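Asks: Let me begin by handing over the structure; questions about it come next.
Derivation of every value follows stated rules applied to the coordinates shown; laboratory data play no part. This is a predicted model, so every value here is computed, not measured. Glycine also receives a Cβ, built like all others from the backbone with ideal geometry; neighbour counts cover every protein chain displayed.
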Amino acid sequence: MITEKSAGAIIWRKQKSQLEYLMIQSQPYKQFPSAWGFTKGHLEGTESNEDAAQREVYEEVGLNPKFDFTFHQVDTYRLTKNCQKEVTFFLAEFIEGQQIKLQESEIRQSAWLSYDEAQKCLAAQNYKEFSYKELQLILKKANNYLLSKIK
């Protein structure tokens, strides 16, 4: 089985004592419908997961957030009969004053959502091609990690 490797980030900010997460909606691609999730993309050449995550965040949403590479979670899912995708997600804190600039060829729209809203958004799109249960679990782990770190 071939494994394609990607990396990305769960971008977060604190607004009025509440954590919010930047959700992005992808453009439809090949057999996959438009879907909500987090920024991510393929590793290029000899790129590390960390380098790819930083590059992809900048390319897809135009941000240079503060990355926390100590938090990382992997989502693995099947693309085809002979190919699976392995995505490593890190946490990245939004830096106030930056503007989101969407890469329109890949990203349809973005939204800042509370933890509960983001979980509902992910749960609402359980396509036959893939399930979002793993992304929901990763978001839960990220939220718990952040709640334990920030006050």
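Asks: Name the residue from Gly62, Leu43, Gln84 whose Cα lies farthest towards the positive end of the charge dipole of the chain, charges +1 on Cβ of Lys and Arg and -1 on Cβ of Asp and Glu.
Replies: So the residue furthest toward the plus end is Gln84.
Asks: If amide H atoms are built 1.01 Å from N in the plane of the peptide, which residues on other chains or at least 5 residues away come under 5 Å of the amide H of Ala35?
Replies: Sorted by chain and number, the residues that satisfy this are Ser26.
Asks: Near Glu106, within a Cβ-to-Cβ distance under 9 Å, what is the net charge of the other residues, with Lys and Arg +1 and Asp and Glu -1? Can you show the working numbers first?
Replies: On the way: positive: Arg108; negative: Glu59, Glu60, Glu104.
Residues near Glu106 contribute -2 overall.
Asks: Report, in listed order, any pair from Lys85/Lys149; Lys16/Lys85; Lys40/Lys133 with a Cα-Cα distance greater than 28 Å.
Replies: On the way: Lys85/Lys149 30 Å; Lys16/Lys85 36 Å; Lys40/Lys133 17 Å.
Exceeds cut-off: Lys85/Lys149; Lys16/Lys85.
Asks: To the nearest 0.05, what FRET efficiency results for Arg13 and Gln84 with a Förster distance of 35 Å applied to their C-beta separation? Intermediate results must be reported in sequence, preceding the final value.
Replies: Values: r = 32 Å, r/R0 = 0.91.
Approximately 0.65, to the nearest 0.05.
Asks: Let me ask something else. With a sphere of radius 13 Å drawn around the Cβ of Asp51, what net charge do the other residues whose Cβ falls strictly inside it have (Lys, Arg +1; Asp, Glu -1)? Please report the intermediate quantities before stating the final value.
Replies: On the way: positive: Lys5, Arg55; negative: Glu44, Glu47, Glu50, Glu56, Glu59.
With Lys, Arg at +1 and Asp, Glu at -1, the neighbours total -3.
Asks: DSSP loop (so not H, G, I, E, B), at most 14 other Cβ within 10 Å: list which GluC sites (Glu not before Pro) in the stretch 1-99 pass both filters.
Replies: On the way: sites: Glu4, Glu20, Glu44, Glu47, Glu50, Glu56, Glu59, Glu60, Glu86, Glu93, Glu96; in loops: Glu44, Glu47, Glu96.
Filter output for the stretch 1-99: Glu44, Glu96.
Asks: Now a separate question. Rounded to the nearest 0.05, what FRET efficiency do Thr70 and Gln103 have when you use their Cβ-Cβ distance and R0 = 25 Å? Kindly include the intermediate steps, with their values, before the conclusion.
Replies: Numbers: r = 27 Å, r/R0 = 1.10.
Efficiency, rounded to the nearest 0.05: 0.35.
Asks: Helix-derived [θ] at 222 nm for the chain: sum -39500 (n - 2.57) over DSSP H runs of at least 4, divide by residue count, nearest 500? Working shown, then result.
Replies: Values: 3 runs with 39 residues, N = 151.
Theoretical 222 nm ellipticity from helices: -8000 deg cm²/dmol.
Asks: Apply the a/c threshold of 1.5 to the C-alpha gyration tensor of the stretch 88-147 and tell me whether it is rounded, prolate or oblate. Intermediate values should be presented prior to the final figure.
Replies: Working: a/c = 1.92, a/b = 1.16, b/c = 1.66.
In terms of gyration-tensor shape, oblate.
Asks: Dipole size in debye (nearest 20) for the chain around its Cα centre, Lys and Arg Cβ +1, Asp and Glu Cβ -1? The partial results should precede the final answer.
Replies: Working: 20 positive and 20 negative charges, 111 e Å.
Value, rounded to 20: 540 debye.
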